[in-house]
Amino acid sequence: MPSRRDMLFFLAAAAVAGGSAPRAIAAPLAAAGQPDLRGAIGAVEYRAIPESGDRKTRNLQQMIEQAARENVPVYLPPGTYKVSNLTLPDNTRITGVPGASRIVYTGEGHLFSAENLRRIELSNLVIDGGNHWLGDYAGGLVQFTGVDEVLIDNCEIGGSRKHGLQLERCGGRIERSRVSGAAQAGLYAVDSANLTVTGNTITDCGNGGILVHRWNKAEDGTVVSGNRISNIRANDGGTGQNGNGINIFRADGVMVVNNHISDCAFTAIRANSASDIQISNNQCRRSGETAIYVEFAFEGAVVSANMIDGAANGISIANFDEGGRLATVIGNVVRNLTLKGPYKHEVGFGIGIAAEADTLISGNVIEGAPRWGMQIGWGPYLRNVVVSGNVVRQAPVGCAVSVADGAGTAVITDNVFQETAEGAVLGFQWEKKVSDEMAGGGAPYKQLTVERNRIS
């Protein structure tokens, strides 16, 4: 004879399958070999019934709290759950059916929030903001603060009037999820600790894709890998604050690797005041400004094996005047640049690779830079730059090196230049050309070593 608990299970399942009227909290189901709606056999699990309104919010809140106390997950069968103002307790686990379990925000303040907890897990959910208003206190549709381990897996987050997902002082993993239609950024993570963002799709966001920031410059250690980011706008304007696929700000020790980034209004990958950063093996396509930017107060950057196709500038290692120094730019391909950028720039656009201080530029291939293939220094901002073993094709000037008063040492050797109509290696004082061809050697500037370059 079926037990009372078995009967409750079948009633809950029948309600979901039959689309019955709204119901209160579903009963917990014991393991005891009993299969759940997904066909699994295991621990106690709480199942919600799709319904909407304040009553649903209260019921779901109660269910989440009770399940967390008992260390069991909440399972949302297929359906639409219209709720708002859910505050998640420690040890929350909510899961559903991918693409079918929809949590829809009703627009009354916030959807999910949590603060100062050890662990939260969301998986297999559709989280829809419906472009409804968010309270002034809410930075994102899903907002967690001070959570040691946030685990978000295989979720869809869309339609946020602010950030899709905002994390502050959190660690954990954001993976295999899709964030779209956020008015601000898809993911905004500030003051993270051991955060991994991998295998996600971020698309059609108003001001940014993935933002890894800190309030004050410090070790961060976030890993951003294997994500697909596309169609990032800069609705709030500016000259680089917005419109970036991946933006690292004041966060040291971050890895940005193996991402595919396309059609960003400004930069595919922008690191501002971020020391010890690694930017490697990324695809950067059709960037509106500089495809990869490492700028301002940083020490230590590796930019390697990236493919850049379409941008205003390719790679820029900049702002020695602000302390930006110490980098390697190795093995990148930069092609199909344009003179047109989103604002007026003092140097100009159409430059393949630019660097200013304590930097090695080696083994890169640059083709189709309509201004300069490489820019070495700017005015007096040049120190210890080595340019060796690169190939530059189809650029009016192959390598423009600063010889302005105060400019420091540069070594330009063993490079190949082809179709550089105005010159392969030329000296500039700011934007003014002041030298004849120097590629063959015998540069008339004691701070320069220029030799063994080939013009073909």
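In square angstrom, what is the accessible area per residue of the chain with a 1.4 angstrom probe?
39 Å²
Could you derive backbone 3J(HN,Hα) for region 395-401 from the dihedral phi with the Karplus parameters 6.51, -1.76 and 1.60 (θ = phi - 60°), listing whole Hz in sequence and x where the residue is Gly or Pro?
9, x, 10, x, 9, 9, 10
By DSSP, what percent of the beta bridges with both residues in the chain are antiparallel, rounded to the nearest 5?
Counting DSSP beta bridges with both partners in the chain, the antiparallel share is about 5 percent.
Between Lys217 and Ser456, take the C-beta separation as r, use R0 = 41 Å, and let me know the FRET efficiency to the nearest 0.05.
0.35
Once you have all Cα-Cα distances for region 75-142, histogram them in 10 Å bins from zero and send the whole-percent values.
Spelled out per bin, shortest first, that is 22, 51, 27, 1.
Return the long-range amide H neighbours of Glu115 (sequence gap of 5 or more, or a different chain), with a cut-off of under 5 Å between placed amide H atoms.
Result for Glu115 returns Thr145.
I'd like the FRET efficiency for Glu108 and Asn194, computed as 1/(1 + (r/R0)^6) with the beta carbon distance as r and R0 of 35 Å, rounded to 0.05.
On the way: r = 34 Å, r/R0 = 0.96.
That gives a FRET efficiency of 0.55.
Quick one: helix 54-69 against the long Cα principal axis of the chain, what's the angle to the nearest 10°, folded into 0 to 90?
80 degrees
Using 0.36 nm times the number of residues separating Asn235 and Asn116, minus their current alpha carbon distance, what extension gain do you get?
39.6 nm
Would you please put 312-325, 432-445 in order of how densely packed they are, using the mean number of other Cβ atoms within 10 angstrom per residue and starting with the highest?
So the order, starting with the most tightly packed, is 312-325, 432-445.
With angles folded into 0 to 90 degrees, how steeply does helix 4-18 sit against the dominant principal axis of the chain? Use alpha carbons for both and round to 10.
60 degrees
Label points 7 Å out from Cα along the Cβ direction at Asn281 and Asn384: separation in nm?
3.0 nm
Over the chain, what portion of Cα pair distances is larger than 33 Å, expressed as a whole percent?
Tail of P(r) above 33 Å: 44 percent of Cα pairs.
Give the shape of region 293-383 as rounded, prolate or oblate, defined through the alpha-carbon gyration tensor: a ≥ b ≥ c are the square roots of its eigenvalues, a/c under 1.5 means rounded, and otherwise the shape is prolate if a/b is larger than b/c and oblate if not.
Because a/c hits 1.5 or more and a/b fails to exceed b/c, region 293-383 counts as oblate.
Would you mind classifying region 319-456 by shape? Square roots of the alpha carbon gyration tensor eigenvalues, ordered a ≥ b ≥ c; an a/c under 1.5 is rounded, otherwise it is prolate if a/b is larger than b/c and oblate if not. Numbers along the way, then the final one.
Numbers: a/c = 1.24, a/b = 1.02, b/c = 1.21.
Judged from the Cα gyration tensor, region 319-456 comes out rounded (a/c under 1.5).
Show the residues, 5+ positions off or on another chain, whose built amide H is closer than 5 Å to the amide H of Ile229.
Ile202, His260, Ile261, Ser262
Classify region 121-277: rounded, prolate or oblate, from the alpha-carbon gyration tensor (a ≥ b ≥ c, eigenvalue square roots; a/c under 1.5 rounded; otherwise prolate if a/b is larger than b/c)?
rounded
Would you give the gap between the C-alpha center of region 122-186 and the C-alpha center of region 244-305, rounded to a whole Å?
One Cα centre to the other: 22 Å.
Could you derive backbone 3J(HN,Hα) for region 341-358 from the dihedral phi with the Karplus parameters 6.51, -1.76 and 1.60 (θ = phi - 60°), listing whole Hz in sequence and x where the residue is Gly or Pro?
Working through the residues one at a time gives x, x, 7, 7, 10, 5, 8, x, 10, x, 10, x, 9, 10, 8, 10, 9, 6 Hz.
Could you sort the peptides 134-142, 251-259, 146-154 by per-residue average Cβ neighbour count (10 Å cutoff), highest mean leading?
Ranking, from highest mean packing down: 251-259, 134-142, 146-154.
The values are calculated or read from the model by the stated rules, or taken from the named source; none is laboratory data. Source: prediction; values computed, not measured. With ideal geometry, Cβ positions are generated from the backbone for all residues, glycine too; neighbour counts draw on all protein chains shown. Only protein heavy atoms, including side chains, enter the accessible area calculation; ligands, DNA and RNA are left aside. Shrake-Rupley method; radii C 1.70, N 1.55, O 1.52, S 1.80 Å.
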